[in-house]
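To keep things clear, I will list the structure first and then write my remarks on it.
Since every read-out is calculated from the coordinates, none of them should be taken as a lab result. Remember, predicted model here, so these are calculated numbers, not experimental data. Here the Cβ is made from the backbone with ideal geometry for all residues, glycine too, and neighbour counts use every protein chain on show.
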Amino acid sequence: MNSMRRNFNRRCFLRSTSALIALPMLETFGVKAFAAAPAAQAPQATPAKRMIFLNFGWGVTNETWFPNKVKVGAQWELPEGLKPLARHQQDITVVQGCSNKFSNEAHWGSTFWLTGANRYAEPGQSFHNSISADQVAAAHLGKDTRFASIQLNSPDVPNSGHGPGLSLAWDMRGKPVAGLDNPVLAFHRLFATDTTPLAERQAMLAQKRSVLDAVLTDAGDLQHGLTKTDTDKLDEYFQSIRDIEVRLGKDEQWLNVPKAKSALNEPKAGLAGRDEIQLMYDIMVAAFQTDSTRVITYRQPVGTLLQSLEIKVAPHDMSHYTPGDRMIASQKRDTTQSELLAGLIDKLKATKEVDGSTLFDHTCLAYGSNIRTIHYLDNCPTLLTGGAAKMKLGHHLVLPKDTPLCNVWLTMLKGIGVNTEHHGDSTDVVKELIV
């Protein structure tokens, strides 16, 4: 054991100019290490399916965002908070009655939104998550694109009611997937030309492969004599290495293919609030138009949105509204978000595919939050649009109270062709959504 301990300490870290990977903390050896650091093509003749998830924190204005529950089906009326979407009413569906039954944090508008996970599902742990719906979709839709998925984020997360996470996305191990925090980063990730010479990029990838091989050799030497807890940790570690290998394989596949060109100009730095959201929406459309990716999530800002509207009410105070300035601020937020969403739908409808159809026809989009309003976690605001999943649009659906929100995600996933029987805490598809 002493020789193993010395060997472990000596090779705890494997460093290079382009990679740093460390073994996990194992109680068997009584030492601590750091977690592993993870290191367009032309549109197809047959349009691909695409998926967007848009999430906001702090919920909505209960009295003016949700349609009247008496008027359901196709004969529904847009409430005040959704009025900017009037020109798209026949192409949107609002679903009421859904929730994530394990949610217990009033200000976590996004953490479990796409997973439906029980944070206490792991014995002895205070936080647990599972794979998000977008990553399930990415495994199905992202095989033929440079980026299996793109996660968009905002630096204003602390003021936007989102909770733990690095984006809306969580991988198959329930670990957070990092997001791009502003339009400049998103633009460069998708469209900026890599000026590093090809030979140098090939060498960097080969070096990363070499590091992975060495790490796996070291980790394999440690497998004997571990406790069950350490064995589980090491299994999770091996999975993280496999994830990195998949990403390296993706990088190698696209190494000789230049990034797609977009008609968008490089964004100005420092955009926030309304301008940031609008530009992120433009980048989404460009990413789909160039088939750079087919799955996008966006964890949207709320605090900077209020600032850009010259609203002086603090985001948290707004979410705890009462009649007066706070409620007016909440309603203004709802209306502005609906205006921006309507603009995104406009662009999806205006962007033509090679067969004469539109991006809208081949995209399914979900918009909402894990919180209804104030501290209420039932009846999560949920709006759906787009033709990819063959969902029933132009309707208002009121489902039985506490229908799993994951039933909606399961319906969407099956609608785009994912062969799965459940997602998160789902119990069935939403039959009322299926055409």
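Using a simple spin-label model with pseudo-atoms 7 Å out from Cα toward Cβ, HIS316 and TRP254 lie 3.9 nm apart.
Taking amide H positions as modeled 1.01 Å from N, with prolines and chain starts lacking one, the residues under 5 Å from MET51 and 5 or more places away or on another chain are VAL295, ILE296, CYS364. Computed extension length for ALA192-MET327: 44.4 nm, one decimal, from 0.36 nm per residue of separation with the Cα-Cα distance subtracted. Using a simple spin-label model with pseudo-atoms 7 Å out from Cα toward Cβ, TYR376 and LEU185 lie 3.5 nm apart. The stretch between ASN62 and THR427 holds 128.7 nm of extra length on full extension. This uses 0.36 nm per residue minus the Cα-Cα distance. Estimated from the Cβ-Cβ distance and a Förster radius of 30 angstrom, the FRET efficiency linking ALA74 and ASN419 is about 0.45. Per-residue extension of 0.36 nm, minus the Cα-Cα distance of MET172 and ASP402, leaves a gain of 80.3 nm for this segment. Go ahead and collect, in residue order, the members of the range 327-341 whose backbone nitrogen is under 19 Å from a label point 7 Å along the Cα-Cβ direction of GLN278. From the range 327-341, the list is 332-341.
Note that the range 157-173 has calculated 3J(HN,Hα) couplings of 3, x, 9, 10, x, 9, x, x, x, 10, 5, 6, 8, 9, 7, 5, 8 Hz, one per residue in order, obtained from phi through the Karplus relation 6.51 cos²θ - 1.76 cosθ + 1.60 (θ = phi - 60°); glycine and proline are x.
Counted by Cβ distance under 15 Å from HIS395, the other residues give a net charge of +2, where Lys and Arg count +1 and Asp and Glu count -1. For GLY415, the shell of other residues with beta-carbons less than 10 Å away shows a net charge of +3, using +1 for Lys and Arg and -1 for Asp and Glu.
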